[in-house]
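Enquirer: Starting off with a structure, shown below.
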Amino acid sequence: MNVRSVLYAILIGALMLSLVGCTTVAPAAPAAEAPAGDQAAAPAAEMAGKTFEDLVVGYAQIGAESEWRTANTQSIKAEAERLGVELKFSDAQQKQENQIKAIRSFIAQQVDVIGVSPVVETGWETVFQEAKDAGIPLILVDRRAAVPEELYVTYLGSDFVEEGRRAGQAMADILGGEGKIVELVGTVGSAPANDRYSGFREAITEYPGMEIIASQSGDFTRAKGKEVMEAFLKSYGDEIDALYAHNDDMAIGAIQAIEEYGLKPGEDIKIVSVDAVRGAFEAMIEGKLNCTVECNPLLGPQFFDLALKVVNGEEVAKWVPSEEGVYFPEQAAELLPTRQY
Ligand code: AHR
């Protein structure tokens with residue numbers, strides 16, 4: 001054996017030793033932790049299983065347009081604190097461009113998961129694709145977006161069409177199947193506005209005596225709800241039998257407009273709205289609101305539970321729906337003390 005052969009032999013021996021070393025120190029994949037397909041793709045750090053304290057989550061909230069939204073934000077923040085999750089929270093002040101900026105900044109900061117409640121349904125494909133390309137899972141919370149399913153991991157939130165149907169059925173019962181209705185629509189182009197609009201119509205088609213005589217957006221706010229109701233009253237006056245409001249805040253604003261006009265909300269004009277916030281229960285106790293259909297904002301616990309599952313490669317359902325009820329004045333006084341929002 002010449003000198004060159006000896007050197008080759010030493011080199012090959014060292015290489016083999018280092019390979020043996022690698023196989024013995026590499027962590028074994030825990031068989032029960034994730035589906036086989038995900039295990040193959042998941043890096044070793046994820047295979048070890050992250051905890052809530054390891055999680056960095058970016059959350060792109062819409063704003064603070066309603067009592068509902070305030071409760072929703074509070075639920076997300078409180079749960080992050082309780083679990084020890086590092087939360088990067090952004091309030092977009094009702095602007096889609098601000099939500100898009102927030103998502104891009106979360107991508108740049110390489111968060112583990114992004115949560116977003118899309119203010120409107122369309123216009124998200126590009127930025128969601130950017131998150132996907134960066135390998136950051138995205139969870140839709142509260143509102144859906146009109147994007148291909150592969151651009152988000154799951155949607156956590158309500159069935160807004162069903163809420164619209166429930167409101168329509170309640171209205172039909174309250175009016176005895178007959179009456180002229182005005183409608184305060186939510187934010188134009190948003191999932192709850194689109195779906196509550198169609199669900200309500202679906203439910204009242206079987207009542208030919210019910211007619212929607214005017215429909216306009218109040219942007220989910222009290223101020224706008226009041227302003228648009230004033231305009232409805234100016235045009236239709238006491239021709240109006242009922243108001244359907246896509247959220248309680250607009251209904252509460254409209255109640256003020258109806259009183260200022262000299263009519264009795266809840267009696268002269270029947271009112272059905274959506275959300276079931278405390279303000280709606282108070283209005284029902286005062287006899288000014290006839291029904292509220294629940295939309296649950298307390299999504300914090302389920303959101304972080306899903307976020308952790310997703311980063312650990314566990315499978316989650318494509319839609320995790322919230323459980324919700326319908327409330328009438330007769331139950332309002334008893335239930336108000338139990339309401340959390
Ligand atoms: O997306 C949920 C809706 O958004 C609530 O019904 C409304 O109050 C809020 O602004």
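Enquirer: Every residue in the stretch 53-72 that is part of a helix (DSSP H, G or I) and more than 11 Å from the ligand (Cβ to nearest atom), please.
Expert: Hits for the stretch 53-72 are Glu53, Asp54.
Enquirer: I want to confirm something. Restricting to the stretch 102-123 and keeping residues that are within 16 Å of the ligand (Cβ to nearest atom) and crowded, with 23+ Cβ neighbours inside 10 Å, which single residue is nearest to Ser322 (Cα to Cα)?
Expert: It comes out as Ser117.
Enquirer: Please go through the stretch 182-203 and give me each residue that is more than 16 Å from the ligand (Cβ to nearest atom) and surrounded by fewer than 24 Cβ atoms within 10 Å (Cβ to Cβ), ordered by number.
Expert: Scanning the stretch 182-203 gives Arg201, Glu202, Ala203.
Enquirer: What's the number of the only condition in (1) surrounded by fewer than 17 Cβ atoms within 10 Å (Cβ to Cβ); (2) in contact with a strand residue (DSSP E or B) (Cβ under 8 Å, 6 or more places away or on another chain); (3) in the same structural domain as Thr73 (by TED's automatic domain parsing) that Gly135 fails to meet?
Expert: (2)
Enquirer: Looking at Gln169, Gln94, Gln99, can you tell me which residue is within 27 Å of Ser66 (Cβ to Cβ), at pLDDT 95 or above, assigned by TED's automatic domain parsing to the domain that holds Phe200 and polar (S, T, N, Q)?
Expert: Just one listed residue meets the conditions, Gln169.
Enquirer: Look at Val320 and say whether it is surrounded by fewer than 24 Cβ atoms within 10 Å (Cβ to Cβ), in a strand (DSSP E or B), more than 14 Å from the ligand (Cβ to nearest atom) and in contact (Cβ under 8 Å) with a residue 12 or more places away in the chain.
Expert: Criteria met by Val320.
Enquirer: Moving to a separate point now. Across the stretch 73-115, what is the total count of residues that are touching a Phe, Trp or Tyr at 6+ places or on another chain (Cβ under 8 Å), in contact (Cβ under 8 Å) with a residue 40 or more places away in the chain and not in a helix (DSSP H, G or I)?
Expert: Matching residues across the stretch 73-115 total 3.
Enquirer: Tell me yes or no: at least one residue of the stretch 242-256 is within 29 Å of Asp142 (Cβ to Cβ), in a helix (DSSP H, G or I) and over 26 Å from the mean Cα position of the chain (by Cα).
Expert: Scanning the stretch 242-256 turns up at least one residue that is within 29 Å of Asp142 (Cβ to Cβ), in a helix (DSSP H, G or I) and over 26 Å from the mean Cα position of the chain (by Cα).
Enquirer: Select the strands (runs of 3 or more DSSP E) contained entirely in the stretch 121-221, then report the ones holding at least 3 residues which are among the basic types (Lys, Arg) and under 23 Å from Asp268 (Cβ atoms).
Expert: Because the criterion is at least 3 residues that are among the basic types (Lys, Arg) and under 23 Å from Asp268 (Cβ atoms), no strands (runs of 3 or more DSSP E) in the stretch 121-221 meet it.
Enquirer: Go through the stretch 204-245 residue by residue and tally those that are within 16 Å of the ligand (Cβ to nearest atom) and under 18 Å from Lys180 (Cβ atoms).
Expert: Final tally of qualifying residues: 4.
Enquirer: Would you check which residues across the stretch 283-308 are surrounded by 16 or more Cβ atoms within 10 Å (Cβ to Cβ) and away from the ligand (no atom under 16 Å from the Cβ) and list them?
Expert: Met284, Lys288, Asn290, Phe304, Asp305, Leu306, Ala307, Leu308
Enquirer: Now a separate question. Please name all residue pairs, on different chains or six or more residues apart, with Cβ atoms under 7 Å, provided the first residue is in the stretch 295-317 and is closer than 24 Å to Ala191 by Cα and the second residue is among the aromatic types (Phe, Trp, Tyr).
Expert: Correct list of pairs: Cys295/Trp68; Pro297/Trp68; Pro297/Tyr341; Leu298/Tyr341; Phe304/Phe52.
Enquirer: Would you be able to say whether some residue in the stretch 289-296 is touching a strand residue (DSSP E or B) at 6+ places or on another chain (Cβ under 6 Å), over 29 Å from Lys77 (Cβ atoms) and part of a strand (DSSP E or B)?
Expert: The answer is yes; a qualifying residue exists.
Enquirer: Given the options Pro321, Pro297, Pro329, name the one that is over 13 Å from the mean Cα position of the chain (by Cα) and not basic (Lys, Arg).
Expert: Pro329
The values are calculated or read from the model by the stated rules, or taken from the named source; none is laboratory data. This is a predicted model, so every value here is computed, not measured. A quick note on method: Cβ atoms are made from the backbone with ideal geometry, for glycine too, and the neighbour counts reach across all protein chains shown.
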